[in-house]
């Protein structure tokens, strides 16, 4: 089954309350379905930012994209999750990640766990939230039955296994990330292997779980050379200029990029597409081209 497209944008730190309100309203007006807020030190805290976004918008859903889950005690996190879902009228999606920037843990005075332990903490967090939200006496009470849908960002096999077991939305991060935060984007063949691995794990859930992809960059034909130079340190070994083979990148006119996204949805199942704020104006023209298709 082909799921309809959804479109999200990750908004970054505001310079003021007024600027944040303006950005949220503009994202909704441009046609985005979801406003996301990342969770990194030095940026705005996700929960208050999303609460204000809920207050000044009418339609968009709200997403932590994604929480640095090992920072959080699961039971205490449940209160924030349920509270935001309640006060936003059930518009919240909970995005969870394993955390990958060791320096952020060090700055917070938190021990940086192994990759395996970080993945297990995400799984433990989801199990705790589901258990608490299943309790009819739990307060604050989330609006959405069982709590907000869970988006899990994953790429490694262990994280993908946990996402396939627990998440309603699997966000394929589109490449490997070192502890330093450096990203190496993946080509289509590598991405296909990841997707096939997850599909093999989903079983009966395969028809309902959404696949998300964070689009890292868009460029027109005229700017291709400069775009390639900028991305060169992040391209996979052996890929020197085949940008069209990188699923997190889009090249061409809006019509060409929209066609590429339809093809990638057919091939990989990516129906839920997210961009970062600095790409909002480049991506917005694609929304009417893809809406309803």
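The values are calculated or read from the model by the stated rules, or taken from the named source; none is laboratory data. Only a predicted model underlies this, so the values are computations on that prediction, with no experimental measurement involved. Positions of Cβ are backbone-derived with ideal geometry, glycine not excepted, and every protein chain shown enters the neighbour counts.
Before moving on, here are some points about what is shown:
- Candidates in segment 14-30 are the residues that are in contact with a strand residue (DSSP E or B) (Cβ under 9 Å, 6 or more places away or on another chain) and without any contact (Cβ under 8 Å) to a residue 40 or more places away in the chain; of these, the one that is surrounded by the fewest Cβ atoms within 10 Å (Cβ to Cβ) is 28.
- When segment 31-61 is filtered for residues that are in contact (Cβ under 8 Å) with a residue 60 or more places away in the chain and either more than 13 Å from the chain's Cα centre (by Cα) or on the phi > 0 side of the Ramachandran plot (or both), the ones remaining, listed by number, are 31, 32, 40, 41.
- Candidate set: segment 133-164, residues that are more than 21 Å from residue 62 (Cα to Cα) and assigned to a helix (DSSP H, G or I); chosen: the one farthest from the chain's Cα centre (by Cα): 134
- When each of 83, 116, 90 is tested for being assigned to a loop (DSSP other than H, G, I, E, B) and surrounded by fewer than 24 Cβ atoms within 10 Å (Cβ to Cβ), the lone residue that passes is 90.
- Residue satisfying all of: in segment 62-80; crowded, with 16+ Cβ neighbours inside 10 Å and without any contact (Cβ under 8 Å) to a residue 40 or more places away in the chain; farthest from residue 126 (Cα to Cα) among these: 62
- Residue, nearest to the chain's Cα centre (by Cα), within segment 265-292, restricted to residues that are crowded, with 21+ Cβ neighbours inside 10 Å and under 14 Å from residue 216 (Cβ atoms): 274
- Residues in segment 228-242 that are touching a helix residue (DSSP H, G or I) at 6+ places or on another chain (Cβ under 9 Å) and touching a residue at least 24 places away in the same chain (Cβ under 8 Å): 4 in all.
- Counting only strands (runs of 3 or more DSSP E) that fall entirely inside segment 1-77 and contain at least 2 residues that are modelled with pLDDT of 95 or more and farther than 28 Å from residue 132 by Cα, the qualifying elements are 6-10.
- The condition of being modelled with pLDDT under 95 and over 19 Å from the mean Cα position of the chain (by Cα) holds for residue 205.
- For segment 157-200, residues that are modelled with pLDDT of 95 or more and closer than 22 Å to residue 105 by Cα total 2.
- Considering segment 93-113, and only residues there that are within 21 Å of the chain's Cα centre (by Cα) and part of a loop (DSSP other than H, G, I, E, B), the residue that is farthest from residue 209 (Cα to Cα) turns out to be 101.
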